[in-house]
Amino acid sequence: MAGTGKAHLRNTEDTVLSVEDLVVEFSLSKKTAVQAVSGISFDLVQGETLSIVGESGCGKSTLGKAILSLLPATSGSVIFGGRDMTKLDKEAVRNLRPQMQMIFQDPISSLDPRYTVKQLVAEPLEIWSRGNAEEQASKVEELLDSVGIDPAIAGDRKAYEFSGGQCQRISIARSLALEPKLLICDEPVSALDVSIQAQILNLLQDMKERYGLTMVFISHDLSVVKAVSTRILVMYLGKICEIATPDSLYDSPKHHYTHALVGSVPIPDPTKKVAQVILEGEPPSPVDPPSGCRFRTRCPAATELCAAEEPQLRDVGGGNYVACHHPRS
Amino acid sequence: MSSLLSLSNLRITFDTPRGELAAVRGVDLEILAGESLGVVGESGSGKTVLSRASMGLLTMSSAHRSGTVVFDGQDLSAASRDTVRNTWGTGMAMIFQDPMTALNPVRRIGSQLTEGLRVRLDMSKKDAKKRAIELLQLVRIPDPETALRKFPNQLSGGMRQRVMIAIALACNPKLLFADEPTTALDVTVQAQILQLLSDLRKELNMSMVLVTHDLGVVAGHTDKIAVMYAGEVVEYAETKELFANVRMPYTEALLNSIPRLDQKSSGRMAVIEGRLPDPTQPEPGCAFASRCPYVQEKCRTEHPELQKANNGHQFRCHFPLGASR
């Protein structure tokens, strides 16, 4: 694992978001700090979906929040709409927020239980004074309709009366109220049943097309992101392991960690005894990460070089960029 | 193999303000000694209530049970609370879904792990500690002596689930219920825990009921599968047979909705439209009729009985897949 490096950046004209050398640090005491995000760079082109995949604690949610400036960046830049968010004052960041919205993991606790569904979806419109009351009401109906919630039946009920899948639909309607350019989804389906997962993933795809969204999709589940992603970024302990298109990532993972992640996904077919790659142990503490490549302590191919030198992201062809001294062939 | 747990016509209802809620509606199931059974279904299908009722854990006054639960030759449905209680730990044990909340946060791992040993097996403090260390080694927790002195919040989710498994296994149960044991865990840790459960089951010659919403999880780790929908078993077969020869449209829909890594993505995913029927308003016909792509008139009016094919494959459908329609 992984490293820094920017071989995968494209710098095209229709770049919506560009993140360079982003570091997010949390201080534990006066002397020690933990780098949850440790020098991450990526860019996102209009209409793309970038998925960020990794285990709990790899920094993927922190990265999502840092992109929205919900957490302060320690160093590095987040360029959105031509402006570096990390250098802007509070008011300027607030004014950019309507263009970037977030959907959270737990759909039930992320909605205020005292609000009706209509109030929940109308709140962003009221805060930003978009249109008069009548226009707002019709916008709310349109949004609820588009996510498959009947405003006439459900509009005056409260969020806790709905199932997890329904609540996630309401969250999506709410996040789209201000017509954002960028939507960050943090584990939007991990709390849902498989059958409902598929409904929400399809809905997100529809909304993306309908509203011309660019998305960042954060998940721990490689099988979930497969259908929705343009590119997938695999993270481990705050660093990038690999970034690739879905098909090349699944067909020939170049990083040993990606390989293990792909091999851990259970396959609903008992005749396919896939060579399950079971990773031993758990990620080491990010407070004191291993030297060199951070994955080396669990990597089957680790050598002395991996301990001594941090690998940089490089192009290995086929649309894969990998940060590994000994990539898989 | 002999029958270890046998449920017949088990029905569990709850009193609710909206009327009687039937969570389990007439389930017949048999688990043989040494066998592993996967119970699969969506949230609200009754799979958790089924496993709790089998263990006698539904003690609230609003829960009502009819039908019988026979465990190891003993009819638990007619037995006293103490008799049922005596099967816990040594007869049946359970691993719960959420390892964060199932452990007591203010007691050390060691005290939670030895409790069962001291109470059920009457072990001395010293023996219990020795056994606790063995158990932690069994579930592959590094440095067990240190782990005994830790509190649950000092362990990761995967490690806590290992502790839960160790507690469940402490008194050598004959049957282990694992209720969504990996749902709260990362996929890499999920693979470790599933492998561990499979290995331990064989090593200890134990039966296991693996309750999950994920058909992928049961595919590699069970002998037989029961698919539940709206409180009923709608399909039951040996694992290989079930995947090779799906008869029930609901199972087919459930399989299709799983995102697959081993198939090319087509962009859109297959979904099951609609949702589970209201459990307080049972429908006269097939419970899946309103969501079934193959629904016919008969399905809406007549409740299908469980049919049994020659190879033991059971399904609850008027127009099963794979038959001429």
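The values are calculated or read from the model by the stated rules, or taken from the named source; none is laboratory data. Remember, predicted model here, so these are calculated numbers, not experimental data. A quick note on method: Cβ atoms are made from the backbone with ideal geometry, for glycine too, and the neighbour counts reach across all protein chains shown.
Considering only residues that are of a type outside the set (D, E, K, R) and not in a helix (DSSP H, G or I), look in the stretch B:106-142 and name the one that is surrounded by the fewest Cβ atoms within 10 Å (Cβ to Cβ). Spell out the reasoning first.
As a first pass, look at the stretch B:106-142 and keep what is of a type outside the set (D, E, K, R): B:106, B:109-114, B:116-117, B:119, B:121, B:123-124, B:128, B:132-133, B:135-139, B:141-142.
Still in the running and not in a helix (DSSP H, G or I): B:106, B:121, B:123-124, B:139, B:141-142.
Working: B:VAL106: 8, B:LEU121: 15, B:MET123: 19, B:SER124: 10, B:VAL139: 21, B:ILE141: 22, B:PRO142: 11.
Among them, the one singled out is B:VAL106.
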| request: Check whether at least one residue in the stretch B:271-288 is surrounded by fewer than 21 Cβ atoms within 10 Å (Cβ to Cβ), at pLDDT 90 or above and either facing another protein chain (nearest Cβ under 10 Å) or within 27 Å of B:SER198 (Cα to Cα) (or both), and report yes or no. | output: no
| field | Top-ranked residue of the stretch B:77-105 - restricted to ones that are among the polar types (S, T, N, Q) and outside any loop (DSSP other than H, G, I, E, B), ranked as nearest to B:MET159 (Cα to Cα) | value | B:THR101
| message | Here is a list: A:VAL225, A:VAL287. Which entry is under 30 Å from B:THR183 (Cα atoms) and surrounded by fewer than 22 Cβ atoms within 10 Å (Cβ to Cβ)? | response | A:VAL287
| field | Flag for B:LEU21 being surrounded by 15 or more Cβ atoms within 10 Å (Cβ to Cβ) and over 17 Å from the mean Cα position of the chain (by Cα) | value | yes
| request: Among the numbered conditions (1) more than 19 Å from B:VAL39 (Cα to Cα); (2) of a type in the set (S, T, N, Q); (3) within 14 Å of chain A (Cβ to nearest Cβ), tell me where B:GLN190 comes up short. | output: (1)
| note | Filtering the stretch A:308-325 for residues that are in a helix (DSSP H, G or I) and surrounded by 14 or more Cβ atoms within 10 Å (Cβ to Cβ) leaves a count of 0
| request: Might you let me know whether the stretch B:224-237 holds any residue that is on the phi > 0 side of the Ramachandran plot, more than 10 Å from every other protein chain (Cβ to nearest Cβ) and of a type in the set (D, E, K, R)? | output: no
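Quickly run through the stretch B:11-25 and pick out the residues that are in contact with a helix residue (DSSP H, G or I) (Cβ under 6 Å, 6 or more places away or on another chain) and of a type in the set (Gly, Ala, Ser).
Looking only at the stretch B:11-25, we keep the residues that are in contact with a helix residue (DSSP H, G or I) (Cβ under 6 Å, 6 or more places away or on another chain), and these are B:12, B:23-24.
Within the stretch B:11-25, B:ALA23 is the sole residue that qualifies.
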| said: Among (1) in contact (Cβ under 8 Å) with a residue 40 or more places away in the chain; (2) within 23 Å of A:MET100 (Cα to Cα); (3) within 13 Å of another protein chain (Cβ to nearest Cβ); (4) in contact with a Leu (Cβ under 7 Å, 6 or more places away or on another chain), there is one condition A:VAL189 misses while meeting the rest; what is its number? | reply: (1)
| query | B:ARG260 passes all but one of (1) within 7 Å of chain A (Cβ to nearest Cβ); (2) over 21 Å from B:ILE225 (Cβ atoms); which number fails? | reply | (2)
| field | Looking only at the stretch B:185-214, and only at residues there that are part of a loop (DSSP other than H, G, I, E, B) and either in contact with a Gly (Cβ under 6 Å, 6 or more places away or on another chain) or of a type in the set (Lys, Arg) (or both), the one that is farthest from A:TYR257 (Cα to Cα) | value | B:ASN205
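Given the condition among the acidic types (Asp, Glu), surrounded by fewer than 21 Cβ atoms within 10 Å (Cβ to Cβ), touching a Gly at 6+ places or on another chain (Cβ under 9 Å) and closer than 23 Å to B:LEU175 by Cβ, answer yes or no: does some residue in the stretch B:229-237 qualify? Can you show your working first?
Of the residues in the stretch B:229-237, the ones among the acidic types (Asp, Glu) are B:232, B:235.
Pick out the ones that are also surrounded by fewer than 21 Cβ atoms within 10 Å (Cβ to Cβ) and you get none.
So far as the stretch B:229-237 goes, no, none of its residues is among the acidic types (Asp, Glu), surrounded by fewer than 21 Cβ atoms within 10 Å (Cβ to Cβ), touching a Gly at 6+ places or on another chain (Cβ under 9 Å) and closer than 23 Å to B:LEU175 by Cβ.
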| Given the conditions (1) surrounded by fewer than 24 Cβ atoms within 10 Å (Cβ to Cβ); (2) within 13 Å of chain B (Cβ to nearest Cβ), and given that A:ARG328 satisfies all but one, which numbered condition is not satisfied? | (2)
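Report, by residue number, each residue of the stretch A:247-304 that is among the hydrophobic types (A, V, I, L, M, F, W, C) and more than 9 Å from chain B (Cβ to nearest Cβ). Don't jump to the end; show me each part of the working.
Within the stretch A:247-304, the subset among the hydrophobic types (A, V, I, L, M, F, W, C) is A:249, A:260-262, A:265, A:267, A:274-275, A:277-279, A:287, A:293, A:295, A:299, A:301-302.
Selection gives A:LEU249, A:ALA275, A:VAL287, A:CYS293, A:PHE295, A:CYS299, A:ALA301, A:ALA302.
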| request: Go over the candidates A:LEU96, A:LEU120 one by one and state the one that is buried (at least 19 other Cβ atoms within 10 Å of the Cβ) and either among the β-branched types (Val, Ile, Thr) or part of a helix (DSSP H, G or I) (or both). | output: A:LEU120
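Could you please let me know if B:LEU306 is surrounded by fewer than 23 Cβ atoms within 10 Å (Cβ to Cβ), over 30 Å from A:TYR250 (Cα atoms) and touching a residue at least 24 places away in the same chain (Cβ under 8 Å)? Show your work before the answer.
Numbers: surrounded by fewer than 23 Cβ atoms within 10 Å (Cβ to Cβ): yes; over 30 Å from A:TYR250 (Cα atoms): yes; touching a residue at least 24 places away in the same chain (Cβ under 8 Å): yes.
Answer is yes for this residue.
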| Can you name the number of the only condition in (1) in contact with a helix residue (DSSP H, G or I) (Cβ under 7 Å, 6 or more places away or on another chain); (2) outside any helix (DSSP H, G or I); (3) in contact (Cβ under 8 Å) with a residue 60 or more places away in the chain; (4) surrounded by fewer than 24 Cβ atoms within 10 Å (Cβ to Cβ) that A:ILE278 fails? | (3)
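Is it the case, given these coordinates, that A:PRO151 is more than 25 Å from A:MET235 (Cβ to Cβ), at pLDDT 95 or above and out of contact with any Gly (no Cβ under 9 Å at 6 or more places or on another chain)?
Working: more than 25 Å from A:MET235 (Cβ to Cβ): yes; at pLDDT 95 or above: no; out of contact with any Gly (no Cβ under 9 Å at 6 or more places or on another chain): yes.
Against the criterion (more than 25 Å from A:MET235 (Cβ to Cβ), at pLDDT 95 or above and out of contact with any Gly (no Cβ under 9 Å at 6 or more places or on another chain)), A:PRO151 does not qualify.
Hey, among the residues in the stretch A:227-245 that are closer than 19 Å to A:LEU183 by Cβ and not aliphatic (A, V, I, L, M), which one's nearest to the other protein chains (Cβ to nearest Cβ)? Outline the logic, then answer.
Taking the stretch A:227-245 as the starting set, the residues that turn out to be closer than 19 Å to A:LEU183 by Cβ are A:227-233.
Now drop any that are not not aliphatic (A, V, I, L, M), which leaves A:229-231.
Values: A:SER229: 9, A:THR230: 12, A:ARG231: 14 Å.
My answer is A:SER229.
Please enumerate the residues belonging to the stretch A:89-122 that are of a type in the set (Asp, Glu) and under 17 Å from the mean Cα position of the chain (by Cα).
Taking the stretch A:89-122 as the starting set, the residues that turn out to be of a type in the set (Asp, Glu) are A:89, A:91, A:106, A:112.
Of everything in the stretch A:89-122, just one residue is of a type in the set (Asp, Glu) and under 17 Å from the mean Cα position of the chain (by Cα), namely A:ASP106.
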| Conditions (1) more than 22 Å from B:ALA22 (Cα to Cα); (2) among the small types (Gly, Ala, Ser); (3) touching a Pro at 6+ places or on another chain (Cβ under 7 Å); number of the one not met by B:SER207 | (3)
| request: Please find, within the stretch A:192-226, the residue that is farthest from A:THR62 (Cα to Cα) out of those that are within 14 Å of chain B (Cβ to nearest Cβ), of a type in the set (S, T, N, Q) and touching a residue at least 24 places away in the same chain (Cβ under 8 Å). | output: A:GLN199
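Return a yes/no flag: does the stretch B:158-166 have any residue that is touching a helix residue (DSSP H, G or I) at 6+ places or on another chain (Cβ under 6 Å), in contact (Cβ under 8 Å) with a residue 12 or more places away in the chain and within 11 Å of chain A (Cβ to nearest Cβ). Walk me through how you get there before you give the answer.
Narrowing the stretch B:158-166 to residues touching a helix residue (DSSP H, G or I) at 6+ places or on another chain (Cβ under 6 Å): B:158, B:160-161, B:163-164, B:166.
Next cut, in contact (Cβ under 8 Å) with a residue 12 or more places away in the chain only: B:158, B:160-161, B:163-164, B:166.
Checking which are within 11 Å of chain A (Cβ to nearest Cβ) leaves us with B:158.
Yes, the stretch B:158-166 contains a residue that is touching a helix residue (DSSP H, G or I) at 6+ places or on another chain (Cβ under 6 Å), in contact (Cβ under 8 Å) with a residue 12 or more places away in the chain and within 11 Å of chain A (Cβ to nearest Cβ).
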